[in-house]
1. At 1.4 Å probe size, with every protein chain present, just tell me what the per residue accessible area of the range 216-366 comes to in Å².
2. So what J values fall out for the range 228-235 if you push phi through Karplus, 6.51 cos²θ - 1.76 cosθ + 1.60 with θ = phi - 60°, rounded to Hz, Gly and Pro as x?
3. List, in order, the whole-Hz ³J(HN,Hα) value for each residue of the range 49-64 obtained from phi through the Karplus relation with A = 6.51, B = -1.76, C = 1.60 and θ = phi - 60°; use x for Gly and Pro.
4. So, in the chain, how many Lys pairs have Cα atoms under 13 Å apart, if the pair is 8 or more places apart or on different chains?
5. Can you tell me the equivalent ellipsoid semi-axes for the range 311-378? Use √(5λ) from the Cα gyration tensor, largest first, whole Å.
6. How far apart, in nanometres, would the label points at E253 and Q273 be if each is projected 7 angstrom from Cα along the Cα-to-Cβ direction?
7. Show me 364-375, 152-163, 16-27 ranked by packing, highest mean number of other Cβ atoms within 10 Å first.
8. Show the residues, 5+ positions off or on another chain, whose built amide H is closer than 5 Å to the amide H of Q192.
Amino acid sequence: MKMVTEAVARFIREKVQPLEQETEEAARIPPQKLAAVKAEAQALGFYALNMSEEAGGGGLGVLDMCLVEEQLGQTSDALIRRIFGQVYPMLERLEGPLRDEYLYPTVKGDKICAMAITEPGAGSDAAAIKTHARLEGDEWVLNGTKHFISDGDIADYVIVMAVTDAEKRARGGISLLIVDKGRPGFTVTRNQPMMGHRGYGHAEMTFDDVRVPRGNVLGPVGEGFRVMMANVGGIRLGHIGARAVGMASRVVEMMRQHAATRRQFGQPIGDFQMVQQMIADSAMEIFATRMMVLNTAWEVDQGMDPRDKVSMVKVMASEMLGRVADRGIQVFGGYGFTRELPLERIYRDARVTRIYDGTSEVHRMLIARSVIKNGLTL
């Protein structure tokens with residue numbers, strides 16, 4: 001794995017980071033440059049590393065993928081998605097012709113998939129969704145609204161979480177429907193501008209009597225929430241935990257170099273104890289978070305269900321990244337507040353990690369409930 005992570009790290013430094021500023025300023029990745037870098041990443045085997053070898057991916061387990069995700073965290077989320085692939089592991093649950101139609105083209109990078117879960121009235125409480133589908137003959141008739149859907153504007157198809165049996169909602173009754181872009185009644189109403197994470201869309205979409213083939217269900221009918229939750233742990237560990245470690249590590253490296261070269265009052269600012277404290281605190285928090293990520297990822301690979309630890313990682317990593325980014329700007333002073341450095345982007349991008357995939361408050365509630373019920377089991 002060391003050779004793989006070093007190769008990914010080098011590729012990001014040399015090929016991907018040079019695209020960051022242009023992507024940030026234009027709020028889009030330059031198409032020709034993207035095509036070239038994505039093709040090179042695919043040729044090197046860096047695309048869809050989290051998917052099985054049978055599906056055409058890299059076949060990495062959760063722990064190994066977290067080691068790669070640390071390196072991916074050294075660049076922006078938009079570039080990660082387009083160059084290395086945002087391929088959801090739950091697609092492996094597809095069977096028969098659906099694998100040929102959706103799984104394999106997505107792993108190859110020929111199709112883009114979006115996950116449509118969040119609604120105006122259902123964020124952290126995903127089970128409270130109102131989007132629903134009823135079965136009419138051989139088709140589902142889908143109605144509802146989704147928002148904050150990453151890549152929803154350019155996706156070729158969308159996995160939509162919908163209520164398919166309202167009476168069984170408490171015990172199931174929620175399914176994942178695969179809906180192709182362009183079906184009558186399926187409309188992307190707008191892209192919602194964001195404070196950060198520029199370079200890819202965050203779409204609002206509506207479904208007005210959209211007819212979906214009966215077989216276009218990911219996992220068993222009525223088991224959509226369970227299928228989604230079975231995959232979310234690995235995603236939280238990699239996309240939030242490990243990437244936060246990588247991004248924070250980049251900030252500390254910038255702080256280290258600046259502290260050694262920037263002089264004030266006749267000496268490097270790294271000689272000042274308050275600057276040293278900010279660097280030391282950041283290094284300690286990154287190390288602690290990294291150990292949490294790797295320990296939890298190992299347990300997932302062993303077939304364990306460390307859901308409490310996943311919640312702990314989600315809170316620790318997202319809040320650690322916010323603190324480190326803030327310290328980075330403080331060490332750089334006024335220059336850190338400019339758009340000439342990536343610090344300003346990292347600071348904005350970091351803020352939302354405390355919100356998506358369950359807010360810090362919700363995860364703290366889940367952790368506390370588990371400890372009260374079962375004791376502290378680490």
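1. 47 Å²
2. Karplus-based 3J(HN,Hα) across the range 228-235 equals 5, 5, 5, 9, 6, x, x, 5 Hz.
3. With the stated coefficients, the range 49-64 comes to 5, 7, 8, 5, 5, 4, 7, x, x, x, x, 7, x, 5, 4, 4 Hz.
4. 5
5. Its equivalent ellipsoid spans semi-axes of 32, 11, 7 Å.
6. My value for the distance between the label points is 3.1 nm.
7. Top to bottom by mean Cβ count within 10 Å: 152-163, 16-27, 364-375.
8. Here the answer is H202, A203, E204, since their amide H atoms fall under 5 Å of that of Q192.
The values are calculated or read from the model by the stated rules, or taken from the named source; none is laboratory data. This is a predicted model, so every value here is computed, not measured. As a convention, Cβ positions derive from the backbone with ideal geometry for all residues, glycine included, and neighbour counts pool all protein chains shown. In case anyone asks, the SASA skips ligands and DNA or RNA and just uses the protein heavy atoms, side chains included. Shrake-Rupley method; radii C 1.70, N 1.55, O 1.52, S 1.80 Å.
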